[in-house]
1. Hydrophobic (A, V, I, L, M, F, W, C), over 18 Å from Pro147 (Cα atoms) and loosely packed, with under 13 Cβ neighbours inside 10 Å: does that describe Ile69?
2. Suppose we filter Pro123, Pro127 for residues that are farther than 14 Å from Ala7 by Cβ, crowded, with 18+ Cβ neighbours inside 10 Å and touching a Ser or Thr at 6+ places or on another chain (Cβ under 9 Å); which single one remains?
3. Confirm whether Gly211 is modelled with pLDDT under 80 and either touching a helix residue (DSSP H, G or I) at 6+ places or on another chain (Cβ under 8 Å) or among the aromatic types (Phe, Trp, Tyr) (or both).
4. Answer yes or no as to whether Val68 is in contact (Cβ under 8 Å) with a residue 24 or more places away in the chain and either under 22 Å from Gly154 (Cβ atoms) or touching a helix residue (DSSP H, G or I) at 6+ places or on another chain (Cβ under 8 Å) (or both).
5. Being within 29 Å of Val129 (Cα to Cα) and not aliphatic (A, V, I, L, M) is the filter here; which residues of region 32-69 pass it?
6. Restricting attention to region 141-173, which residues are under 19 Å from the mean Cα position of the chain (by Cα) and hydroxyl-bearing (Ser, Thr, Tyr)?
7. If you scan region 38-53, which residues turn out to be in a helix (DSSP H, G or I) and closer than 16 Å to Gly154 by Cα?
8. I need a count of the residues in region 152-168 that are closer than 14 Å to Ile73 by Cα and aromatic (Phe, Trp, Tyr).
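The values are calculated or read from the model by the stated rules, or taken from the named source; none is laboratory data. Since we're looking at a predicted model, the values are computed, not measured. Methodologically, a virtual Cβ is constructed for each residue, glycine included, from the backbone with ideal geometry; neighbour enumeration extends over all protein chains shown.
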Amino acid sequence: MTALLIAAVLDTNLRAKTFWRMGVLLPYIVTPVAIAIIFSVMFADRYGIVNTALGNIGIDPIGWHSQVIPSHIAIATMVNFRWTGYNALIFLAAMQAIPRDYYEAAMIDGAGRIRRFFSITIPQLRPTVIFVVVTSTIGGLQIFDEPRLYDQFGTGGADGQWRTLTMYIYNLGWGELNFGRAAAVAWLLFIIIIFFGAINLVITRSISSSGSRIGK
């Protein structure tokens with residue numbers, strides 16, 4: 001949703017369009033190692049920037065590495081930071097392919113910007129939304145660099161609270177040298193990816209179809 005809103009803003013008559021479009025892509029260009037190191041310091045348990053900011057407003061420090069939900073929030077933040085701009089440019093390219101005649105006709109009928117966005121833009125982005133949702137889900141199931149480098153040990157936390165499937169496969173194969181079991185888990189991951197991809201495809205098609213009917 002954030003990527004879609006950013007794309008909608010970039011599709012307007014902004015000054016220095018090229019600058020802003022390049023700017024949203026910068027986090028994607030930065031290597032995952034650098035992002036993981038920066039965010040691990042920001043979300044440090046005692047001296048991190050986030051806990052310092054929370055302390056200034058009277059909130060006790062949060063164990064971003066020791067607690068389950070905070071660690072998931074921190075890792076999700078760095079993943080979204082890296083991929084939101086990339087998805088926004090995909091949406092932007094799809095928005096620019098929409099015929100402008102639709103918007104001109106809607107403006108003549110008195111439709112406002114928000115109405116045009118929900119009645120024209122989103123229904124026309126149906127294939128792109130399906131593509132982004134499916135690829136993002138598959139990418140989420142394959143996350144490795146960010147949780148691996150979130151702490152200095154790379155084991156997914158003391159209790160494995162942020163250990164992903166890809167980290168588990170890596171630890172089985174290269175940590176325990178159990179390549180047979182690692183291969184079996186990799187096949188299970190493949191089946192899970194196919195399953196969630198099919199679910200996302202059905203749901204997004206249903207939502208897009210409902211949006212098209214509402215727009216009409």
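1. The answer is no for Ile69.
2. Of the residues listed, the single one that is farther than 14 Å from Ala7 by Cβ, crowded, with 18+ Cβ neighbours inside 10 Å and touching a Ser or Thr at 6+ places or on another chain (Cβ under 9 Å) is Pro123.
3. Yes: the conditions hold for Gly211.
4. For Val68, the condition - in contact (Cβ under 8 Å) with a residue 24 or more places away in the chain and either under 22 Å from Gly154 (Cβ atoms) or touching a helix residue (DSSP H, G or I) at 6+ places or on another chain (Cβ under 8 Å) (or both) - is met.
5. Pro32, Phe39
6. Tyr150, Thr164, Thr166
7. Ile38, Phe39, Ser40, Val41
8. Selection size over region 152-168: 1.
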